[in-house]
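Undergrad: I am attaching a structure below and will ask some questions about it afterwards.
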Amino acid sequence: MSSSTPAYYNADAVRQVLSWPLVNRAVETALVAIVKQDAETHPQSTSFACQPKRSFTACGKEPGRILFTMPAYVGNYSLESPKSPGDAQQSRSTLACKLVTSFRENPARDPPLPSIHAHVLLFDNQTGQLSAIMEGTDLTTWRTVSASLVATKYLYFRRFGSQAELERSINVAIVGCGVQGQLHAAAFCANFRVKQLNLYNRTLAKAQVLADELQRTLDTESETQVKACSSAHEACQDADVICIATYAKESVIQFADLKAKQGVHINAVGAGEVHFSELAPDIYHQAKVYVDCYTNAEAELVGLPAPITAEVGQIILSENYPKETEITIFQSMGAFLLSLLNYMTISVFFKVILKFTSHCFYLRHGLGGRLCGPGGS
Ligand SMILES: NC(=O)C1=CN([C@@H]2O[C@H](COP(=O)(O)OP(=O)(O)OC[C@H]3O[C@@H](n4cnc5c(N)ncnc54)[C@H](OP(=O)(O)O)[C@@H]3O)[C@@H](O)[C@H]2O)C=CC1
Ligand SMILES: O=C(O)C1=NCCCC1
């Protein structure tokens, strides 16, 4: 086996190290890093983040089959441990590329397959050699959900005060109960105080299965009531926060479905080719729109029915939060830098790199040839 054989981290290996404090901290750091990169607000900083526009490759003439290529480089970043804030680790640099396919008909196959599959390719940043391949599907799901959590913290809760995400109870609606909707539902209950969790899915049975499962797994002391709803209107009419993640080409929620005269925050996650097709234009006309990353937004949100107010990272840095009664939309584009910083956090705090390094040592010195993840040995 050649000394440059890349290590492989499988889905189980990656899954073992994912936790909300870890992923949320990395995503928050990345959202701010993206702003610094764009605005060069800290020219004296030695850290450097580069995330060029991602590419789309249509797979044949059939719509709904896309390959995304997402390169990124982060230089001299150190991330604090969520367990011991202030305890910054040694700074590191990483060059990588995430490859994601989105094949929206996959769940209808027999047997069904997920719509989204991802892998991350990591390169030695001195020699450019491919050093590791990491299964990235769960990372993508967690990263995307975490971006919604962080956006909700700053665009919704912080309008009510600096501790509001810890103190305030909210009603949440999940629209679309696929892979994204399922993890959004569980994550909102795990990270915030949720009074009512309403679930809506085009195929109602899926919302019912998820409602039963969540109600069963929630602590008996939990204040959360979970309900499967038969329309998006029913799910959203009392919701403070809405998460929508579908492949709908026509709008699923209209302005009339929203809670009247009070602040509402929407995480608009899905929709495939046209990112903003799942929300009606009349919502955009009344809302302030925020994105994770201008670079991708400028290229991919052509025709968006509202101007973009800011990147979420700018709001984190400026503390210039929305007004209490505003409708805000986090238009989640997906940004690989967010996953990359996740990868770095994982590697630093859970010693993937340590194992990876010793694995490469063994390969180089001919002492073994097994590809392993952090859980394997
Ligand atoms: N912003 C980001 O960073 C990311 C965005 N995404 C996007 O999130 C969305 C969901 O992804 P994922 O959960 O993995 O996909 P799944 O295939 O697991 O789920 C798709 C969901 O969309 C629903 N749906 C599909 N078509 C329609 C329609 N025409 N009207 C209403 N509902 C519809 C499905 O309902 P049913 O059960 O009835 O089929 C199902 O609930 C996709 O658009 C995907 O591209 C994914 C990852 C990252
Ligand atoms: O990983 C991401 O980022 C994705 N964004 C859009 C849809 C597919 C995955």
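The values are calculated or read from the model by the stated rules, or taken from the named source; none is laboratory data. Nothing here was measured: the structure is a model prediction, and the numbers come from that model. For neighbour counting, all protein chains shown are included, and Cβ atoms are generated from backbone atoms with ideal geometry for every residue, glycine included.
Undergrad: Filter the range 309-324 down to residues that are within 18 Å of the chain's Cα centre (by Cα) and among the basic types (Lys, Arg), then give me how many there are.
TA: Going through the range 309-324 one residue at a time, the tally reaches 0.
Undergrad: Additional query: Filter the range 254-274 down to the residues that are farther than 19 Å from Glu105 by Cβ and modelled with pLDDT under 95 and list them by number.
TA: Those that are farther than 19 Å from Glu105 by Cβ and modelled with pLDDT under 95: Ala260, Lys261, Gln262.
Undergrad: Exactly one condition in (1) more than 8 Å from ligand 1 (Cβ to nearest atom); (2) in contact with a Ser or Thr (Cβ under 8 Å, 6 or more places away or on another chain) is false for Arg143; which is it?
TA: (1)
Undergrad: If I filter the range 121-154 down to residues being over 15 Å from the mean Cα position of the chain (by Cα) and within 15 Å of ligand 2 (Cβ to nearest atom), which single residue comes out as modelled with the lowest pLDDT?
TA: Met134
Undergrad: Mind listing just one residue for me: the one in the range 185-207 that is polar (S, T, N, Q) and within 10 Å of ligand 1 (Cβ to nearest atom) and, of those, surrounded by the most Cβ atoms within 10 Å (Cβ to Cβ)? First the steps, then the outcome.
TA: So the first thing to find is which residues in the range 185-207 are polar (S, T, N, Q), and the list is 191, 196, 198, 201, 203.
Now restrict to residues that are within 10 Å of ligand 1 (Cβ to nearest atom): 201, 203.
Working: Asn201: 24, Thr203: 11.
Among them, the one singled out is Asn201.
Undergrad: In the range 155-184, which residue that is assigned to a helix (DSSP H, G or I) and within 16 Å of ligand 1 (Cβ to nearest atom) is farthest from Val264 (Cα to Cα)? Walk me through how you get there before you give the answer.
TA: At the first step, the residues of the range 155-184 found to be assigned to a helix (DSSP H, G or I) are 155, 157-160, 164-167, 179-184.
Filter once more, so that each one left must be within 16 Å of ligand 1 (Cβ to nearest atom): 155, 179-184.
Details: Leu155: 10, Val179: 24, Gln180: 20, Gly181: 18, Gln182: 21, Leu183: 21, His184: 17 Å.
This residue is Val179.
Undergrad: Continuing with the same structure: Among the residues of the range 227-234, are any over 19 Å from Thr144 (Cβ atoms), away from ligand 1 (no atom under 16 Å from the Cβ) and not basic (Lys, Arg)?
TA: Scanning the range 227-234, I find no residue that is over 19 Å from Thr144 (Cβ atoms), away from ligand 1 (no atom under 16 Å from the Cβ) and not basic (Lys, Arg), so the answer is no.
Undergrad: Output the residue which, of all residues in the range 156-177 that are buried (at least 22 other Cβ atoms within 10 Å of the Cβ) and among the small types (Gly, Ala, Ser), is nearest to Tyr247 (Cα to Cα).
TA: Within the range 156-177, the subset buried (at least 22 other Cβ atoms within 10 Å of the Cβ) is 156-157, 172-177.
Going one step further and asking which of them are among the small types (Gly, Ala, Ser), we end up with 173, 176.
Working: Ala173: 17, Gly176: 9 Å.
For the range 156-177, the residue satisfying everything is Gly176.
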